[in-house]
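Please treat every number below as a calculation from the coordinates, not as lab data. Predicted model, so just to flag it, every value in this text is computed and none were measured. Cβ placement follows ideal geometry from the backbone for every residue including glycine, while neighbour counts extend to all protein chains displayed.
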Amino acid sequence: MADSARAAKLAQRIKVVVAEGLRKRVKDPRVEGITVTDARVTNDLQHATIYYTVFGDETAQSDAKTGLERAKGVLRAEVGRNITVRLTPTLEFVADEIPVNASNLEALLRVAKERDAKLAELSATAEFAGDADPYKTDGGDAE
């Protein structure tokens, strides 16, 4: 078994090789808008998971997935030529959910900012229910 540092280094190399292979070797128009975001390799170096994003709607994403599945053999051969391991790892392509999660997070932050602004507006015109300073001071009240 390989150590995790070697697997991480190999994953970075596979990420670069797959991205270059998509750009240079694969002529399918369905894979033109794909960005390879990450790659992970198992510790035994037998399986690589490649994460990608596609700019576009649902049809562009499904077309990209189909194009990647069709180009998997070409990309695996390209990986085999460019890395130095005894066995070329199998490739699995997974759509990266980071853009979806980021847009959801941005929407939540926008709602929180609106609520904060509304609360600041209300607190600017609010009055205290009791004294402005409710704490006892060492002033004239001695018991």
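Summary of computed values
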quantity: Reported label for calculated percent of Cα pairs over 26 Å apart given (i) 22; (ii) 18; (iii) 49; calculated: (iii)
quantity: Potential lengthening between GLU92 and ASN43 on full extension [0.36 nm per residue; Cα-Cα distance subtracted]; calculated: 16.1 nm
quantity: Unit charges on C-beta of K, R, D, E only; dipole of the chain, Debye; calculated: 1940
quantity: Sequence ranges 8-16, 110-118, ranked by mean other-Cβ count within 10 angstrom, highest first; calculated: 8-16, 110-118
quantity: About the Cα centre, charge dipole magnitude for the stretch 2-78 (Lys/Arg +1, Asp/Glu -1 at Cβ), debye; calculated: 340
quantity: Angle in degrees between helix 98-124 and the longest Cα principal axis of the chain, rounded to the nearest 10; calculated: 10
quantity: Helix 58-70 vs. the chain, principal-axis angle (Cα, 0 to 90°, nearest 10); calculated: 30
quantity: Using a Förster distance of 25 Å, the FRET efficiency for GLN12-ALA102 (Cβ separation, nearest 0.05); calculated: 0.65
quantity: Cα-based reach from LYS72 at 25 Å (exclusive), listing lysines while leaving out same-chain residues under 8 positions away; calculated: LYS9, LYS15, LYS24, LYS27
quantity: Unit charges at the beta carbon, dipole of the stretch 87-143: most positive-side option, THR137, ASN104, THR125; calculated: ASN104
quantity: Residue-count net charge about ARG40 - beta-carbon cut-off 10 Å; Lys, Arg +1, Asp, Glu -1; calculated: -1
quantity: Set of aspartates and glutamates near LYS113 by C-alpha distance (under 17 Å), chain-local residues within fewer than 8 positions excluded; calculated: GLU121
quantity: Exposure proxy ranking, count of Cβ atoms within 10 Å, fewest first, for PHE55, PHE128; calculated: PHE128, PHE55
